[in-house]
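Undergrad: I am attaching a structure below and will ask some questions about it afterwards.
FYI, it's all coordinate maths here, none of it is from the lab. Not measured: the values here are computed from a predicted model. Every residue, glycine as well, gets a Cβ built from its backbone with ideal geometry; the counts of neighbours run over all protein chains shown.
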Amino acid sequence: MERGNVGTCLQSRVWVLVCLSIIPSFHLTAQDYRAQALRILHTVPLIDGHNDIADAIRERGGLDSVNFAVNQPKLMTDIPRLRSGAVGGQFWAAYVPVTTMDSGPHPAVYALEQIDLIRRLCSRYGNALAMATTAAEVERNFAAKKISCLIGIEGGHAIENSLGALRMFSRLGVRYMTLTHWRSLDWAVASTDSSHRGLSDFGKQVVLEMNRLGMLVDLSHVNDMTMSDAIHASKAPIIFSHSSARALTNHARDVPDSILRLIPANGGVVMVNFNPGFVSEAVRVYGDSVAERARLLRAAGADSVTRADSMRAWESRAPHATLEQVADHIDHVRQIAGVDHVGIGSDFDGITEVPNRLEDVSKFPDLIAELLRRGWTEADVEKVAGLNILRVLRDAERVATELRGR
Ligand SMILES: [Zn+2]
């Protein structure tokens, strides 16, 4: 029951009894809610939709340069903090920079290297981590007290317009692909692109082949028309692996209500991003003002020292996002799309700033505790933590089996 219902409770003797039974919950402390959250997360796996540790490790020189078994203060993710955050499963992003479309290793090679790193990370720390490609494997690993490693490719440029490459990525254990990153492809349009295009015919073929393979179609990073086209083309539930609600923060990376309303019929899940610029309107507006300030200083011919001093003064006034704002986004997705269609997609180690009280992977229980404090039932909290994305994985597996049987 939600806390706002107390007045109506007093209308009958039965309800008085119900009310009396919940009154003690008003005296629960933050520690009580955290303890309750931890108890829930020991029975249901918390599955986060997006974490960029693979690229963060690559940037630091690779697996041999980072001991993932001990605390890594410069990172947001390591095994001790995954354990204290009660993480049950993690989609690790095989992130492919869009610059690989111009020069350097081919996007497909970069993606292969990221997948290789994730698989080696998972086997090197096999006492804590275990690969998973199905919902059943996630549940088996959870029962064995292992954190599931799931792989998502971030950026459809990784397939280099080849359905054969897409099929081989699936065989390597990739369970979702984000259709674009920050730059549009010829078959899907990125959120940063103002053109009125969505999925091309080939883009629709990519979506259907992903359905056939049981690979989730991830619509974080695409523009609204591509979101809508993919939802209508897909025969399986789609996901947003790391996107928040645009009604609360007017960022193109977030999901508008018009799309949230399409999710229940599709069966998908929106996994809410923690990026401060995506969850706090004040942070987003401030971010734009910083860019504008820098542009004006350059236009005025200010030298680099003056520019740096001026920007430092400006940046000292920066607003901060909070855990409560992330919870507001979860509440909003629930309100528009429904409690069966909301999840968590932190973007840890892919974001440079973090909300207050949500600094790293050890803080997931605090977010769950906040939802409990707001009156969420345990059953609903279990859905946002992991049951919704497990259902989506299972539905996609079922659709894949049906499509392959035809
Ligand atoms: Zn991203």
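Undergrad: Taking the Cα centre of the chain as the origin and placing charges on Cβ (Lys, Arg +1; Asp, Glu -1), which of Ala327, Ser280, Leu172 is farthest toward the positive end of the dipole?
TA: With unit charges placed on the Cβ atoms, the residue in question is Leu172.
Undergrad: Express as a percent, rounded to the nearest 5, the fraction of DSSP beta bridges in the chain (both residues included) that run antiparallel.
TA: Numbers: 1 of 32 bridges.
Roughly 5 percent of the beta bridges in the chain run antiparallel, per DSSP.
Undergrad: If you take the C-alpha gyration tensor of segment 45-121, multiply each eigenvalue by 5 and take the square root, what semi-axes do you get, largest first, in whole Å? Mind dumping the intermediate values first?
TA: Details: eigenvalues 118, 41, 19 Å².
Semi-axes (√(5λ), whole Å): 24, 14, 10.
Undergrad: With +1 on each Lys and Arg Cβ and -1 on each Asp and Glu Cβ, how big is the dipole of the chain about its Cα centre, in debye rounded to the nearest 20? Display every interim value, and only then the final one.
TA: Working: 44 positive and 47 negative charges, 160 e Å.
Its charge dipole is roughly 760 debye.
Undergrad: Follow-up question, since we're still on this one. Given the chain, what count of lysine pairs have C-alpha atoms under 29 Å apart, with each pair 8 or more places apart or on different chains?
TA: Final tally of qualifying lysine pairs is 10.
Undergrad: Could you give each residue of segment 83-100 its phi-based ³J(HN,Hα) in whole Hz, using Karplus coefficients 6.51, -1.76, 1.60 with θ = phi - 60°, and x for Gly or Pro?
TA: Those phi angles translate into 5, 6, x, 6, 6, x, x, 9, 7, 8, 7, 8, 6, 10, x, 5, 5, 5 Hz.
Undergrad: Could you work out the per residue convex hull volume over the alpha carbons of segment 251-338, in cubic angstrom? Intermediate values should be presented prior to the final figure.
TA: On the way: hull volume 8.5 nm³, N = 88.
Looking at segment 251-338, the number lands at 97 Å³ per residue.
Undergrad: Can you tell me how segment 191-254 classifies by the Cα gyration tensor, rounded, prolate or oblate, using a/c under 1.5 as the rounded cut? Intermediate values should be presented prior to the final figure.
TA: Numbers: a/c = 2.72, a/b = 1.50, b/c = 1.81.
Oblate, because a/c is 1.5 or more while a/b does not exceed b/c.
Undergrad: Where does the chain land at 222 nm, in deg cm²/dmol rounded to the nearest 500, when only DSSP H runs of n ≥ 4 count, each adding -39500 (n - 2.57), divided by all residues? Kindly include the intermediate steps, with their values, before the conclusion.
TA: Working: 19 runs with 189 residues, N = 406.
Calculated at 222 nm, the ellipticity per residue is -13500 deg cm²/dmol.
Undergrad: Add +1 for every Lys or Arg and -1 for every Asp or Glu among the other residues with Cβ under 12 Å from the Cβ of Phe68, and state the total.
TA: Values: positive: Arg60, Arg81, Arg83, Arg120, Arg124; negative: Asp64, Asp78, Asp349.
For residues surrounding Phe68, the net value is +2.
Undergrad: Determine the dipole magnitude for segment 181-336: charges of +1 sit on the beta-carbon of Lys and Arg, -1 on that of Asp and Glu, nothing else is charged, the reference point is the Cα centre, and the result goes in debye to the nearest 20.
TA: With only Lys, Arg, Asp and Glu charged at Cβ, the dipole is about 140 debye.
Undergrad: Same structure, new question: Considering only the other residues whose Cβ falls under 12 Å of the Cβ of Phe91, what net charge follows from Lys and Arg at +1 and Asp and Glu at -1?
TA: Values: positive: Arg175; negative: Asp48, Asp52, Glu154, Asp218, Asp347.
With Lys, Arg at +1 and Asp, Glu at -1, the net is -4.
Undergrad: Let me test this: with uniform point scatterers at the alpha carbons of the chain, what is the Debye-based log₁₀ I(q)/I(0) at q = 0.08, 0.13 1/Å?
TA: Log10 I(q)/I(0), no solvent term: -0.43, -1.11.
Undergrad: Taking K and R as +1 and D and E as -1, what net charge do the other residues with C-beta under 11 Å from the C-beta of Arg295 add up to? Don't jump to the answer; show the numbers that get you there.
TA: Working: positive: Arg293, Arg298, Arg307; negative: Asp288, Glu292.
Neighbourhood net charge equals +1.
Undergrad: Taking neighbour counts of Cβ atoms within 10 Å as a proxy for exposure, in what order, fewest first, do Ser103, Ser243 appear?
TA: Arranged by neighbour count, lowest to highest, Ser103, Ser243 become Ser103, Ser243.
Undergrad: Determine, for each peptide in 92-98, 116-122, 311-317, the mean count of other beta carbons within 10 angstrom over its residues, then list the peptides with the highest first.
TA: On the way: 92-98: 24.1, 116-122: 19.1, 311-317: 10.7.
Highest-to-lowest ranking by the protection proxy: 92-98, 116-122, 311-317.
Undergrad: Please compute the modelled spin-label separation between Lys145 and Ala294, points set 7 Å along Cα→Cβ, answer in nm with one decimal.
TA: So the label points at Ala294 and Lys145 sit 4.7 nm apart.
Undergrad: Using +1 at the C-beta of Lys and Arg and -1 at the C-beta of Asp and Glu, which of Val361, Leu296, Leu46 has the Cα lying farthest in the positive direction of the dipole of the chain?
TA: Leu46
Undergrad: Just report the Cα centroid separation between segment 363-406 and segment 141-184, whole Å.
TA: First find each Cα centre; the distance between them is then 19 Å.
Undergrad: Grab every C-alpha pair in segment 94-181, bin the distances at 10 angstrom width from 0 up to the longest one, and report whole percents.
TA: All Cα pairs, binned at 10 Å, distribute as 18, 45, 26, 10, 0 percent.
Undergrad: A follow-up question, please. Relative contact order for the chain: what percent, with Cα pairs under 8 Å and sequence separation of 6 or more? Mind dumping the intermediate values first?
TA: Values: 775 pairs, mean separation 79.8, N = 406.
Averaging sequence separation for qualifying contacts and normalising by length gives 20 percent for the chain.
Undergrad: Ok, one more. Mean 1/r over all different Cα pairs, inverted: what Kirkwood radius does segment 313-406 give, in Å? Write down the numbers at each step before the final one.
TA: Numbers: mean 1/r = 0.0655 Å⁻¹.
Kirkwood hydrodynamic radius for segment 313-406: 15.3 Å.
Undergrad: Tell me which DSSP H helices of the chain clear both cut-offs, 30 Å or more of axial length from alpha-carbon atoms and a mean Kyte-Doolittle hydropathy of at least 1.6. Don't skip to the answer; put the middle values down first.
TA: Numbers: long enough: none.
Membrane-span-like by this criterion, though nothing is claimed about a membrane: none.
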